[in-house]
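Down below is the structure, laid out as structure tokens.
The values are calculated or read from the model by the stated rules, or taken from the named source; none is laboratory data. Quantities reported herein were computed from a predicted structural model and do not represent experimental measurements. Because the Cβ atoms are built from the backbone with ideal geometry, glycine has one as well, and the counts that use them run over all protein chains shown.
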Amino acid sequence: MSDAGDNLKRLIDLYRTMVRIRTFEQTALEAHRAGEIPGPLHVSIGQEAVAAGVCINLRRDDRLTSNHRGHGHAIAKGADPARMMAELYGRATGYCGGKGGSMHIADFSVGMLGANGVVAGGIPIACGAAQGLKLQKSEAIVACLFGDGAVNRGPFLEGLNWAALYRLPVLFVCEDNAVAAFTRADSVTAGPGAPARAQACGVPATSVDGNDVIAVDEAVGAAVAMVRQGQGPQLVHARTYRLMGHTATDAAAWRPASEVEAAHAQEPVARLARVLTERGVAAESLAAIGAQAADEIGAARAAARAAPWPEPARAFADVQDLGAVAWRR
Amino acid sequence: MAAVTLLEATRLAVQQEMRRDPRVWVLGEDVARGGLWGQYRGFVDEFGAERAVSTPISEATIMGAGLGAALVGTRPIIEMRIFDFVMCAMDELVNQIAKVRYMFGGQAKPAVVVRMPHGMWRNSAAQHSQMLEAWFAHLPGVIVATPATAADAAGLLVEAIRCDDPVLFFDPKDLWTATGDVGEPIAPIPFGLARKVRDGDAATVVTWSAAVPVATAAAEQLAGEGTAVDLIDLRTIWPWDQEAVVASVHKTGRLLVVHEAVEVAGFGAEVVARVVERLGPAALKAAKRLGAPRIPVPFAPPLEAEVRVTPDKVVRAVQSLID
């Protein structure tokens, strides 16, 4: 296959990942609205290019830490959407046996070290994972994904300094969706933002259009190459837009409709579809990818719905080995 | 081996385990310089700067990085320098370390030891003197070790390092210089097994950490006056040796719990409540807690003395149970 062919194949892979993420989250939203999924659900609809563009540059044994809006990161890293959906449904067959839900999906078998319910919670963990890997002479690296809200928490500064200090193999990715919960990120963030803060700690940083998966792939590819060469941490700042509310029950109606409409015109899945069409990919091929995703995620939802609840006794498992609930000498 | 200080006993314990297991390493402020207390003296020379890691004053990341390193298969010892600084790392400890195994459905066991030298020591005032171990007994997912002797500190630390559960290890600052024999090699001491310090029938006195020598002095004084108490050092408050305490109170019918921490809602309340539940109220003639008043630890020696439990206070408390 020619270089151009390789490149096209890569774009189609990215498209497939993004469509699977989009379909998963749209389905989860629908299921949440239908009362089938309990608890808080944070979707990343509109941000899929970041997850896909980052993870296509990772190996299976590379690790990843994520945040509360992490379904896309997990899917792109190779997690099984069926087990993810079952976890969202709180079922025994879910990744965490129903103990974690949307905010705590992890799949250690693909290096996904966990979503996180605390903003910036994954940053120190990523630094330590990288330090542990380095100590064990592993060649794996760690991708640390967080939002724009995290850059105003202390662990962001600590983590940048730490990773730079020990030259750790960490790729920091600030997935800047322009809004921290219900507040515009730029209204609560002083100065020029994440890249400048990284550079102040000696961490090279680039900023990229996070809705352009080709640009994300390129920027991350370059940064990952530096990290793999042992040059220490890098930061990629990917500007994107959260098309939906903070949670499934939030309409984010405070945003002007014109702003959201304009953002829809820039959303990454349709944007990549246009590129693929220009590159000669047939509409049927794109439709087939959509149909495959719909089948996969539809089956995941049906299986989750039919899956058993965890046995109540499982609430007492995996607390700790010693001193757990039933502990006796 | 000859008698060593509690501080040296912990140094030997960690050294032994780092020699045994290359996955074990230490991170914390000034660790490469031997640690604030000298508890890692010589480590950087023997184990290198990658296993005896001096860190920035970044408590959140010291704690969180320890967790991340555990999740990829190493076994870090997270040094907090002084217990009170853990307040800067509470998310990483309470929301992350104590939860990941459970939240992720058992996919990972965070095998970390968090060392937190605690308690009053040389008039260090309100932010360097606290004993809040009861908070962590309340926290599912962790073990809470509170040793009082050189041998116990060493043996429990070896157990902690080999344990797959997160262990919160409260070094008793005020007892760093207390001496005792440690074995060679240092054998692990299982968690949840109390140590009987003295035998007696008059009352049961339960204690741990820096209050142990205080209660021991009181028990000796009482013995001189003809009152022999059963004195129990819990050594770990989670898990804790309910069987030893219940058996003793069954015998004596009187229970005093002594801790340096604030008395209100301290772990002493849990001990008394559990014993009452297990034995029934009729089995107890009297029960009492003795701890600090509910005030911050003050600086000036005469003010700090107001807060401390003392042998006299313990003696009076035992006498009040018996009278």
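Here are a few things to note about the model shown:
- Which listed residue is touching a strand residue (DSSP E or B) at 6+ places or on another chain (Cβ under 7 Å), more than 22 Å from residue B:11 (Cβ to Cβ) and modelled with pLDDT of 95 or more, from B:132, B:139, B:71: B:132
- Residues that are within 20 Å of residue A:72 (Cβ to Cβ) and in a helix (DSSP H, G or I), drawn from the range A:223-268: A:223, A:224, A:260, A:263, A:264, A:268
- Some residue of the range B:130-150 being among the charged types (D, E, K, R) and surrounded by fewer than 17 Cβ atoms within 10 Å (Cβ to Cβ): no
- Single condition residue A:297 does not satisfy, out of (1) β-branched (Val, Ile, Thr); (2) over 30 Å from residue B:110 (Cβ atoms); (3) not in a helix (DSSP H, G or I): (3)
- Of the criteria (1) more than 12 Å from the chain's Cα centre (by Cα); (2) closer than 23 Å to residue B:108 by Cβ, which one residue B:169 fails: (1)
- Taken over the range B:78-115, residues that are farther than 22 Å from residue A:324 by Cα and either touching a residue at least 60 places away in the same chain (Cβ under 8 Å) or among the hydrophobic types (A, V, I, L, M, F, W, C) (or both) amount to 9.
- Selection count where residues are facing chain B (nearest Cβ under 9 Å) and outside any helix (DSSP H, G or I), scope the range A:116-129: 5
- Scanning the range A:167-187 for residues that are surrounded by fewer than 18 Cβ atoms within 10 Å (Cβ to Cβ) and touching a residue at least 60 places away in the same chain (Cβ under 8 Å) yields A:167, A:178, A:181, A:182.
- Test result for residue A:145, facing chain B (nearest Cβ under 10 Å) and surrounded by 24 or more Cβ atoms within 10 Å (Cβ to Cβ): no
- Put simply, of B:183, B:192 the only residue that is within 12 Å of another protein chain (Cβ to nearest Cβ) and either crowded, with 24+ Cβ neighbours inside 10 Å or in a loop (DSSP other than H, G, I, E, B) (or both) is B:192.
- If you go through the range A:167-179 and keep only what is modelled with pLDDT of 95 or more and either facing chain B (nearest Cβ under 8 Å) or in a strand (DSSP E or B) (or both), you end up with A:170, A:171, A:172, A:173, A:174, A:175, A:176.
- Qualifying residue in the range B:136-156 (condition: within 22 Å of residue A:134 (Cα to Cα), assigned by TED's automatic domain parsing to the domain that holds residue B:17 and either among the β-branched types (Val, Ile, Thr) or assigned to a loop (DSSP other than H, G, I, E, B) (or both)): no
- Within the range B:215-234, one or more residues are part of a loop (DSSP other than H, G, I, E, B), of a type in the set (A, V, I, L, M) and within 14 Å of chain A (Cβ to nearest Cβ).
- The range A:125-148: number of residues that are touching a helix residue (DSSP H, G or I) at 6+ places or on another chain (Cβ under 7 Å) and either under 22 Å from residue A:207 (Cα atoms) or modelled with pLDDT under 95 (or both): 9
- Extreme residue, farthest from residue A:54 (Cα to Cα), among residues of the range A:188-213 that are hydrophobic (A, V, I, L, M, F, W, C) and buried (at least 17 other Cβ atoms within 10 Å of the Cβ): A:201
- Entry remark, the range B:161-178: residues being charged (D, E, K, R) and either within 14 Å of chain A (Cβ to nearest Cβ) or out of contact with any strand residue (DSSP E or B) (no Cβ under 9 Å at 6 or more places or on another chain) (or both) number 3 in total.
- Within the range B:243-255, tally of residues that are away from every other protein chain (no Cβ under 14 Å) and β-branched (Val, Ile, Thr): 2
- Restricting attention to the range A:269-284 and to residues that are in a helix (DSSP H, G or I) and in contact (Cβ under 8 Å) with a residue 12 or more places away in the chain, the residue that is surrounded by the most Cβ atoms within 10 Å (Cβ to Cβ) turns out to be A:272.
- Single condition residue A:157 does not satisfy, out of (1) more than 7 Å from chain B (Cβ to nearest Cβ); (2) part of a loop (DSSP other than H, G, I, E, B); (3) surrounded by fewer than 24 Cβ atoms within 10 Å (Cβ to Cβ): (2)
- With respect to being hydroxyl-bearing (Ser, Thr, Tyr), modelled with pLDDT of 95 or more and exposed (fewer than 14 other Cβ atoms within 10 Å of the Cβ), residue B:248 falls outside the description.
- Of the residues making up the range B:183-198, not a single one is touching a residue at least 60 places away in the same chain (Cβ under 8 Å), of a type outside the set (Val, Ile, Thr), under 25 Å from residue B:61 (Cα atoms) and not assigned by TED's automatic domain parsing to the domain that holds residue B:267.
- Note on the range A:130-142: residues that are facing chain B (nearest Cβ under 8 Å), more than 19 Å from residue B:62 (Cβ to Cβ) and buried (at least 22 other Cβ atoms within 10 Å of the Cβ) amount to 0.
- Taking the range B:256-284 as the range and being buried (at least 18 other Cβ atoms within 10 Å of the Cβ), within 27 Å of residue B:129 (Cβ to Cβ) and away from chain A (no Cβ under 14 Å) as the test, the residues that pass are B:256, B:257, B:258, B:259, B:260, B:261, B:262, B:263, B:266, B:268, B:271, B:272.
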